[in-house]
Amino acid sequence: MSATPGRPRRRSWGPFARRPDNPDLPGPIAKVTTLVTVLIGLSMIAPVYVLIGSAQRLVTGQEVFPIALLAGTVGVVVNTLLLALVNRVRRGRRWAWITLLFILTLYATVLAAAGLYDLSQTGSAVLLFVAAIPIVMILMLAAPRRSRAYFRRDAATGRTNLDLPPARPRSPRRQLSQ
């Protein structure tokens, strides 16, 4: 890796090293996992803020609310596990794909229910539009043939069903004479 004049050389090791994506990674999966990663990063702000506020209250001798500590800790742990799950989805693990589809379905259901409640109480449809985000992600993960085939790879060869040659027509079975 040669550095161009006037530009610093990119690090090829350590936590800031950029690994290239799998060249077989379909576009919809790359887009969904990137969007989920951004949303996880944004949803980490509140739990971290709660943990920092609780630590500040603890240091200054004020009363610390145990539910705030618990909520902040659970939020950080769940978001960290989701980041690991997204990484496994990018690598083509079928169990991670199914788990992410389930979690996105759960998010969409909860957001749609909250949106319908909010629509009936205040007349605001904002949460219904927010519920469309996980629904679009579900469609992008499950609908395109290339996305589904990415998770049906042969474990031994690493080839998808799209890469395999077409099956030969079967010959008629011979009748066993008795």
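Where a number appears in this text, it was derived from the coordinates with a stated rule and is not lab data. Source: prediction; values computed, not measured. Positions of Cβ are backbone-derived with ideal geometry, glycine not excepted, and every protein chain shown enters the neighbour counts.
Structure notes:
- Computed label-point distance, nm, for sites Glu63 and Lys31 using a 7 Å Cα→Cβ extension: 5.1
- The percentage of C-alpha pairs in region 27-150 whose separation is greater than 17 Å is 65%.
- Amide H contacts of Ala125 (H built 1.01 Å from N, in plane; Pro and chain starts excluded): no residue 5 or more places away or on another chain comes under 5 Å.
- Extension gain for Val78 to Ile133 (0.36 nm times residue separation, less C-alpha to C-alpha distance): 17.8 nm.
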